[in-house]
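The values are calculated or read from the model by the stated rules, or taken from the named source; none is laboratory data. Model, not experiment: these values are computed from the prediction. Here Cβ is always computed from backbone atoms with ideal geometry, including for glycine, and neighbour counts include all displayed protein chains. Just the protein is used for accessible areas: all its heavy atoms, side chains included, with ligands, DNA and RNA removed. Shrake-Rupley method; radii C 1.70, N 1.55, O 1.52, S 1.80 Å.
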Amino acid sequence: MTVLDVDPAVLERLRRVRGFVLDMDGTLVLGDRNNRGLRPLPGAEPLFAALTELGLPFRVFTNGTTRTPQQYARALQAIGFPVPDDGVLTPTSSALDVFQRHGHHGVMVLGGTGITEPLEAAGLKALPPQRGTQADAVFVGWFRQELTFDALEAACDAVFAGASFYSASQSLFFPTAEGRQLGTSRAISAVVRDITGREATIVGKPSRHALRTAAHHLGMPAADIAVVGDDPELEVPMAHTDGALAVAVHTGIGHARSFVELPEEVRPHLDLPDVGVLAELLRRNTGTVRR
């Protein structure tokens, strides 16, 4: 695709973009089912080069919770991406905003240190999923090998007792080099919902909570941001929740037909083969940076 292939109105909108929210798995990298062994996807390195050259700030937002945001940043730095130490956000980042706004102090976590460490660092108490534990909230993230029936029972008991119920993600799958993998947050939340009758509040993508957290970290309104990702159920719908520019790529869950089949109101503004084409558009679209 070239600049000439894109609707001029979309190109004009791209010129006004002042910051980017970038998905990680399936957009910039692929790793294994445990999010290890990350390798760059086509176009990722040119995209970072273009963003740096044009002075456009960005945040990487992954729905993964196996690591802390800082650990994800270091993993991306290790493969050569110019990601700052505070350049990655996860559902825990947006969950913190929600928990503090609602006055939650004790949070039962079905997840690992990628969730518990940031919660504790922010002054919240991360509680293990054990029966009899009193909690203000239950938060479900990546919880695969550690999941037990006792943990599920503890989560249900806490929700029955009045704890608010949150999920990092409701994605069916996430992309890996080994093929798509089942999203644990959705699977666990489905059990808790079926038993308790309580719907989980999603704090990761595609929620407005996630987009507003990213906008806050970028220091600009969502209308000045472009959201880039591969999943038809995540990044593109999230962009539409608050007026951001939606950019789809086909290197992960989504493919060439995935996005054209979406309802018109949640289709991407730009539908591209990979983020390298976005880099080309940014460089060739004179005046992209708004000073």
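Assorted remarks:
- Filter result for Ala190 (more than 30 Å from Thr148 (Cβ to Cβ) and either of a type in the set (Phe, Trp, Tyr) or more than 14 Å from the chain's Cα centre (by Cα) (or both)): no
- Region 52-75, subset among the small types (Gly, Ala, Ser) and out of contact with any strand residue (DSSP E or B) (no Cβ under 8 Å at 6 or more places or on another chain), residue surrounded by the fewest Cβ atoms within 10 Å (Cβ to Cβ): Gly55
- Among the residues making up region 246-266, those that are open to solvent by 20 Å² or more (accessible area, probe 1.4 Å), in contact with a helix residue (DSSP H, G or I) (Cβ under 8 Å, 6 or more places away or on another chain) and within 14 Å of Asp231 (Cβ to Cβ) are Thr251, Leu262, Val266.
- The combined condition, being within 22 Å of Phe20 (Cβ to Cβ), open to solvent by 20 Å² or more (accessible area, probe 1.4 Å) and over 18 Å from the mean Cα position of the chain (by Cα), is fulfilled by Ala78.
- Within region 159-186, the set of residues being touching a residue at least 24 places away in the same chain (Cβ under 8 Å), out of contact with any Asp or Glu (no Cβ under 9 Å at 6 or more places or on another chain) and among the hydrophobic types (A, V, I, L, M, F, W, C) comprises Val159, Phe160, Ala161, Ala168.
- Some residue of region 148-158 being over 14 Å from the mean Cα position of the chain (by Cα) and surrounded by 24 or more Cβ atoms within 10 Å (Cβ to Cβ): yes
- Selection within region 17-32 - of a type in the set (D, E, K, R), surrounded by fewer than 21 Cβ atoms within 10 Å (Cβ to Cβ) and in contact with a Pro (Cβ under 8 Å, 6 or more places away or on another chain): Arg18
- Some residue of region 150-157 being in contact (Cβ under 8 Å) with a residue 12 or more places away in the chain, out of contact with any Asp or Glu (no Cβ under 9 Å at 6 or more places or on another chain) and either among the aromatic types (Phe, Trp, Tyr) or assigned to a loop (DSSP other than H, G, I, E, B) (or both): no
- Test: residue in region 86-97 that is surrounded by fewer than 20 Cβ atoms within 10 Å (Cβ to Cβ), in contact with a helix residue (DSSP H, G or I) (Cβ under 8 Å, 6 or more places away or on another chain) and under 21 Å from Leu211 (Cβ atoms): yes
- Filter result (closer than 12 Å to Val98 by Cβ and either modelled with pLDDT under 95 or open to solvent by 20 Å² or more (accessible area, probe 1.4 Å) (or both)) within region 206-224: Arg208, His209, Arg212
- Residue match in region 114-137 (condition: assigned to a strand (DSSP E or B), more than 23 Å from Leu218 (Cβ to Cβ) and either within 22 Å of the chain's Cα centre (by Cα) or modelled with pLDDT under 95 (or both)): yes
- Residue pairs meeting the criteria (Cβ under 6 Å; at least 6 apart or on separate chains; first within 17 Å of Ala244 (Cβ to Cβ), in region 263-276; second assigned to a helix (DSSP H, G or I)): Val266/Pro237; Val266/His240; Pro268/Val236; His269/Val10; Leu272/Leu278; Val275/Ala44; Val275/Leu47
- For region 161-205, filtered to residues that are open to solvent by 60 Å² or more (accessible area, probe 1.4 Å) and assigned to a helix (DSSP H, G or I), the residue that is nearest to Gly252 (Cα to Cα) is Arg186.
- One residue stands out among those in region 99-142 that are over 19 Å from Lys205 (Cα atoms) and touching a residue at least 60 places away in the same chain (Cβ under 8 Å): the one that is surrounded by the most Cβ atoms within 10 Å (Cβ to Cβ), which is His104.
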